[in-house]
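Just below is one structure, and these are the notes that go with it.
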Amino acid sequence: MSNGSDIKPTDLRGILKYVPRFQGQTFVIALDGIIVADDNFPNILTDIAVLRSLGIKIIIIHGIGHQLEELSKARNIPITDVQGKGVADAATLDLAIRASSRVTHLIIEGLTQNSLKAALTNAIRAAPLGIIKGVDHQFTGRVDRVDKEFLMQLIASQVVPVVNPIGFDRDGRPLRINSDLLAAELAEALGATKIIYLTPHEGLEINGKLQHQISAATLKGILEDKPESINEPMRSPAAHAVKAVETGTPRIHLLDGRLLDGLLNEIFSNEGVGTLIHGNEYQQIRQATKRDVRAIYNLTRQAVKREELVYRTQAAIEKNVEQFYVFEIDENIIACVSLVSYPDKPKFAEIGSLYVMPFYHHRGIGKKMVDYACLMAKERGATNVIALSTQAFTFFTSVVGFEEADKEALPESRLKAYEDSGRNSKVLTKKL
């Protein structure tokens, strides 16, 4: 277990650089019932206290599947559904209410021990899931309405709202709701920037391989075409993550809640420890096509004259057009960047040909292009990106987090071309 003496000043600097980005934002933290029962649970609540101290707004939603199964066995009462997605009969609902009460108590008790105010809410109005394909789901519910104003008032009063997976219909009757779904609905209603699913699993696996990050669009296609390729326990949060992204939550994290310091490492590091499911924050960025070749050539021509960029003919751009990404406003290309992979060093990728029209400078477009190229490099399996620059190296080091390196950092196939060019560019690298 960590204690105060383990904290290094470098750890604090690493966290503090994220504070301006996250301060005032809302995070929905979804706790699997197994995580509440795990030995690491008190550490998670301490991490939540850290997030609150940094000005991040927190709302907690918890599951009860683990506790529901234990109650069922202890009392020898059969249940019809564990996860809140199938048919919940009266006995299952009764045990779900009891399990939920216990889990909520443990969460509020732990938050209190960390000097945080907390409150169980009835902010979720539910409606029966009804009859689906001829099957009456009885006491299983769906979200009918989220009382956003109530929750925001609590958060503004420095209270952490705790929402359990029991909602109430218009007449005050309780209904069981799936907690993964509930997290997505809460994030949409509150305009949250993150949902963090803390589960007893390392993250999202596809065909047995852990995915450190994946776009919601890609994940949606897999869920539709090959859902069996995703590790079964993650299919529910994955599906609701896609829904959350489509309704406006840009980032969803799936991580192992049993991992010490996992929550903070996931949020306050580029690498993370679980799976990041992201939306397309770069709607105006797309891969270039052959019809963009002339526009890219014209866009970069002045930069080539100033020796900011390497000269490329239109034919050379066309030959490698799949390496380029462009930023488009009103169907006009105003920025571009290239991304090159190296067969001899597949863990490396190179960012180049970065150019933004002068009129659009100081609007964050250059940073967005580099961030997007890094995202694409990481999806391809790269762990390091490099960039060569003669005049814009301060942008790479001060704005997008690159560090200066020796030329020996270049892949062997790139080093010869670097030396032959005679440009003496600075070599810049960044770990993904």
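Note on segment 403-432 and segment 217-286: Cα centroid distance 34 Å, given to the nearest whole angstrom. Spin-label model, residue 16/residue 76: points 7 Å from Cα along the beta carbon direction are separated by 6.1 nm. Just 238, 382, 295 to compare: in a GNM of the chain, with alpha carbon springs under 10 Å, which one fluctuates most? Highest fluctuation of the listed residues: 295. Placing +1 on the Cβ of every Lys and Arg and -1 on the Cβ of every Asp and Glu, with no other charges, gives the chain a dipole of roughly 1060 debye about its Cα centre. Overall size of segment 254-356 from C-alpha positions, given as principal axis extents largest first: 54, 37, 25 Å. Working from Cα positions, state the angle (0 to 90°, nearest 10) between the long axis of helix 90-113 and the longest principal axis of the chain. Relative to the chain, helix 90-113 is tipped by roughly 60 degrees. With each label modelled as a point 7 angstrom along the Cα→C-beta vector, the residue 144-residue 117 pair spans 3.0 nm. Using the alpha carbons alone, the radius of gyration of segment 82-170 stands to its Kirkwood radius in an Rg to Rh ratio of 1.04. For the chain, the share of DSSP beta bridges that are antiparallel, to the nearest 5, is 55%.
Note that the chain carries a Kirkwood radius of 23.9 Å, evaluated over its alpha carbons pair by pair.
Simple point charges give the picture: +1 on the Cβ of Lys and Arg, -1 on the Cβ of Asp and Glu, and for segment 256-362 a dipole about the Cα centre of about 560 debye.
Considering only alpha-carbon pairs that sit under 8 angstrom and 6 or more positions apart, the relative contact order computed for segment 320-432 is 24 percent. Farthest toward the positive end of the dipole of segment 70-131, out of 103, 127, 113, is the Cα of 113, where the dipole comes from beta carbon charges about the Cα centre. A simple spin-label model places the labels of residue 135 and residue 228 1.9 nm from each other, with each point 7 Å out along Cα-to-Cβ.
Think of it as helices only: each DSSP H run of n ≥ 4 in the chain is worth -39500 (n - 2.57), and spread over all residues that comes to -11000 deg cm²/dmol at 222 nm. Per residue, the chain exposes 49 Å² of accessible surface when a 1.4 Å probe is rolled over the protein heavy atoms with every protein chain present.
Globularity index of segment 1-145 is 1.29 (Cα radius of gyration / 2.2 N^0.38 Å, N = number of residues). Full extension of the segment from residue 361 to residue 287, taken as 0.36 nm per residue of separation minus the current Cα-Cα distance, would add 24.5 nm.
The values are calculated or read from the model by the stated rules, or taken from the named source; none is laboratory data. This one's a predicted model, so the numbers in the text were calculated from it and none came from an experiment. Don't worry about glycine lacking a Cβ; one is built from the backbone with ideal geometry, like all the others, and counts go over all protein chains shown. Calculation scope for accessible area: heavy atoms of the full protein, side chains included, ligands and nucleic acids excluded. Shrake-Rupley method; radii C 1.70, N 1.55, O 1.52, S 1.80 Å.
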